[in-house]
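Down below is the structure, laid out as structure tokens.
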Amino acid sequence: MAPQFFGREIEVTVSGEIKTPASFRLDDRKFIITDILEAWHDYGFGRPLLRRRHWWQRHHRNYYRVKTTGGDIFEIYYDRGTSLEHPEYKKWYLYRQL
């Protein structure tokens, strides 16, 4: 089965001292996360820009490959934004289903 791309904002419930994802909601369906299979950070710039790169243009994302109670495997990420003064930019996204 080929990965299915979503690229959609989702609502995530976090738990634990480190605040890892515990469940997420996609439309009207709730997915309970049973395992975090992998976690990594992305501090890259994304696609190349025509002008110079600056530190504030970097991604600040925490990615998680998770397994749900139904056995589905998803990649989700938390976009931490680029500014502490704008918490509205901090959002969770469903990247793809594997």
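Nothing in this text is a laboratory measurement; each read-out follows from the coordinates by a stated rule. Nothing here was measured: the structure is a model prediction, and the numbers come from that model.
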**Request:** Collect residues whose amide H, placed 1.01 Å from N in the peptide plane, falls under 5 Å from the amide H of Lys90; neighbours closer than 5 in sequence don't count.
**Result:** none
**Item:** Sequence-distant residues sharing a close amide H with Phe6 (under 5 Å, placed H)
**Value:** Arg96, Gln97
**Request:** Would you grab the residues whose amide H sits under 5 Å from the one on Val14? Only those 5+ places off in sequence or on another chain, please, with H modelled 1.01 Å from N.
**Result:** Ala22
**Asked** aspartates and glutamates near Lys67 by alpha-carbon distance under 16 Å, same-chain residues fewer than 8 away left out - which ones?
**Response** Asp35, Glu38, Glu75
